[in-house]
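Engineer: If you scroll down you'll find the structure; I have some questions about it.
The values are calculated or read from the model by the stated rules, or taken from the named source; none is laboratory data. For clarity, every value in this text was computed on a predicted model and none was experimentally measured. Here Cβ is always computed from backbone atoms with ideal geometry, including for glycine, and neighbour counts include all displayed protein chains.
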Amino acid sequence: MALSYIGGKSKIGKWIVPFIPQDIETYIEPFSGMFWVFFNMDLTKYPNLKEVVYNDFNPLNYNLFQCLQNPERLLEEVNNIPCQQRNEFPTPDIYKEQFISFQSEIFAENFSVQAYDYVVAAKYAYVLAQVFSGSKPETSSFIYLKGKYKSKYLTFRDKLSKPDWVDHFLKITKVENMDFEEVIQKYDNPSTYVYADPPYWKTENYYNNHDFDSADHERLADCLKGIQGKFSLSYYDFPQLHTWFPDTQFVWEKKEFAKAAAAKKGKTQNMGEELLIMNYSK
């Protein structure tokens, strides 16, 4: 979708999707973020899919995805915000100035977003598009683009009218702002698939508007082990996982991936290992 969020799966979403059962009727992400796994799905391969549930505790994410259910209306507001074009170099000051203005406004301590606020959604998308992937949008600095690049905001704008992306936006049936356990229990049934991508162990403080601690990790584990449907759970490895989800009872898959887009000259590429834990076999 061209927008990145902390912990998002834009880099490895395509690896996760083949593990999703194709006979599901309900798809839910209790920690949706930018919904990258869903956007990587080929919807033609899920003929029974009737319910797609977006859920996120962050009210700005929640509002953005409410507005994405009407991409044509959101596009009107996105078009009102100028952004850097390819070959526009050096970067005009206006783009940084409006970035700082939007960032100061929507992340102010007393700011409260109302439902279906398309103006705020467009401003939030602009901020997300102008910071480095995976960084905290409320504190990150504006990215100055080189002349050969265009703003990710333009890519986001274009996708609001591209048929495949519009199909995904319109397939979202519910947008929720609930505790993960509540939303899982609300939509759980034998034909439900839950993809859970929680704040990772010992990184919980990276997220804005998130009160998630070690007890919540265990609460999530207990919740998932009790559902009627199927689940996939993303994590990095840590000792408690082996107690909560022993590999004799659950399926563990591992994927090595590059944490950064490219290694700096003279330095080794920063690699990581992603876990996918499932209560079913592929």
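Engineer: Would you mind stating whether Thr248 is out of contact with any Leu (no Cβ under 7 Å at 6 or more places or on another chain), farther than 25 Å from Gln114 by Cα, modelled with pLDDT of 90 or more and not in a helix (DSSP H, G or I)? Walk me through it before giving the result.
Structural biologist: Values: out of contact with any Leu (no Cβ under 7 Å at 6 or more places or on another chain): yes; farther than 25 Å from Gln114 by Cα: yes; modelled with pLDDT of 90 or more: yes; not in a helix (DSSP H, G or I): yes.
Yes; evaluated as a whole, the condition is true for this residue.
Engineer: When segment 144-166 is examined, which residues are found to be surrounded by fewer than 20 Cβ atoms within 10 Å (Cβ to Cβ) and either assigned to a loop (DSSP other than H, G, I, E, B) or among the β-branched types (Val, Ile, Thr) (or both)?
Structural biologist: Tyr144, Lys146, Gly147, Lys148, Tyr149, Lys150, Thr155, Ser161, Lys162, Val166
Engineer: Then there's this: Going by what's in this entry, would Gln85 be described as in a loop (DSSP other than H, G, I, E, B) and farther than 30 Å from Lys186 by Cα? Outline the logic, then answer.
Structural biologist: On the way: in a loop (DSSP other than H, G, I, E, B): yes; farther than 30 Å from Lys186 by Cα: yes.
Answer is yes for this residue.
Engineer: Also: If I ask for residues that are of a type in the set (S, T, N, Q), within 19 Å of Lys230 (Cβ to Cβ) and crowded, with 23+ Cβ neighbours inside 10 Å, which ones from segment 22-62 would you list? Let's see the steps before the verdict.
Structural biologist: As a first pass, look at segment 22-62 and keep what is of a type in the set (S, T, N, Q): 22, 26, 32, 40, 44, 48, 55, 58, 61.
From what is left, the residues that are within 19 Å of Lys230 (Cβ to Cβ) are 22, 26, 32, 40, 48, 55.
Correct list: Ser32, Asn55.
Engineer: While we're on this one: I'm checking my understanding of the structure. Among residues of segment 36-56 that are under 12 Å from the mean Cα position of the chain (by Cα) and in contact (Cβ under 8 Å) with a residue 60 or more places away in the chain, which one is farthest from Thr173 (Cα to Cα)? Outline the logic, then answer.
Structural biologist: Residues of segment 36-56 under 12 Å from the mean Cα position of the chain (by Cα): 36-40, 54-56.
Keeping just the survivors that are in contact (Cβ under 8 Å) with a residue 60 or more places away in the chain gives 37-39, 54-56.
Working: Val37: 16, Phe38: 13, Phe39: 14, Tyr54: 8, Asn55: 11, Asp56: 14 Å.
Top of the filtered list is Val37.
Engineer: So, of the residues in segment 225-252 that are exposed (fewer than 15 other Cβ atoms within 10 Å of the Cβ) and of a type in the set (Val, Ile, Thr), which turns out to be farthest from Ser281 (Cα to Cα)?
Structural biologist: Of everything passing the filter in segment 225-252, Thr243 is farthest from Ser281 (Cα to Cα).
Engineer: Still on this structure, I have one more. Given the conditions (1) closer than 30 Å to Phe107 by Cα; (2) small (Gly, Ala, Ser); (3) surrounded by fewer than 13 Cβ atoms within 10 Å (Cβ to Cβ); (4) modelled with pLDDT of 95 or more, and given that Ala196 satisfies all but one, which numbered condition is not satisfied?
Structural biologist: For Ala196, the exception is condition (3).
Engineer: Also, quick follow-up: Identify, please: which residue in segment 68-98 is β-branched (Val, Ile, Thr) and under 17 Å from Val120 (Cα atoms) and is, among those, nearest to the chain's Cα centre (by Cα)? Steps first, please.
Structural biologist: Initially, segment 68-98 is screened for residues β-branched (Val, Ile, Thr), giving 78, 81, 91, 94.
Checking which are under 17 Å from Val120 (Cα atoms) leaves us with 78, 81.
Working: Val78: 20, Ile81: 23 Å.
Looking at residues that are β-branched (Val, Ile, Thr) and under 17 Å from Val120 (Cα atoms), I get Val78.
Engineer: Also: I'm trying to understand the selection: among the residues of segment 167-182, which are of a type in the set (A, V, I, L, M, F, W, C), surrounded by 16 or more Cβ atoms within 10 Å (Cβ to Cβ) and in a helix (DSSP H, G or I)? Steps first, answer last, please.
Structural biologist: Our first condition is that a residue be of a type in the set (A, V, I, L, M, F, W, C); within segment 167-182, this holds for 169-170, 172, 175, 178, 180.
Filter again for surrounded by 16 or more Cβ atoms within 10 Å (Cβ to Cβ), leaving 169, 172, 175, 178, 180.
The answer is Phe169, Phe180.
Engineer: Among the residues of segment 255-278 satisfying the criterion of being of a type in the set (Lys, Arg) and exposed (fewer than 10 other Cβ atoms within 10 Å of the Cβ), which is modelled with the highest pLDDT? I'd like the intermediate steps shown before the answer.
Structural biologist: Restricting attention to segment 255-278, the residues satisfying the condition of being of a type in the set (Lys, Arg) are 255, 259, 264-265, 267.
Of the ones still in play, those that are also exposed (fewer than 10 other Cβ atoms within 10 Å of the Cβ) are 264-265, 267.
On the way: Lys264: 49, Lys265: 50, Lys267: 58.
Of everything passing the filter in segment 255-278, Lys267 is modelled with the highest pLDDT.
Engineer: Another question, if that's okay. Do you know which of the residues in segment 76-131 that are surrounded by fewer than 15 Cβ atoms within 10 Å (Cβ to Cβ) and in contact (Cβ under 8 Å) with a residue 60 or more places away in the chain is farthest from Gln66 (Cα to Cα)?
Structural biologist: Going through segment 76-131, the residues surrounded by fewer than 15 Cβ atoms within 10 Å (Cβ to Cβ) turn out to be 76, 79-80, 82, 85-87, 89-90, 92-94, 97, 100-101, 104-105, 108-112, 114-115, 119.
Filter once more, so that each one left must be in contact (Cβ under 8 Å) with a residue 60 or more places away in the chain: 79, 85-87.
Working: Asn79: 18, Gln85: 28, Arg86: 30, Asn87: 33 Å.
Residue satisfying both the conditions and the ranking: Asn87.
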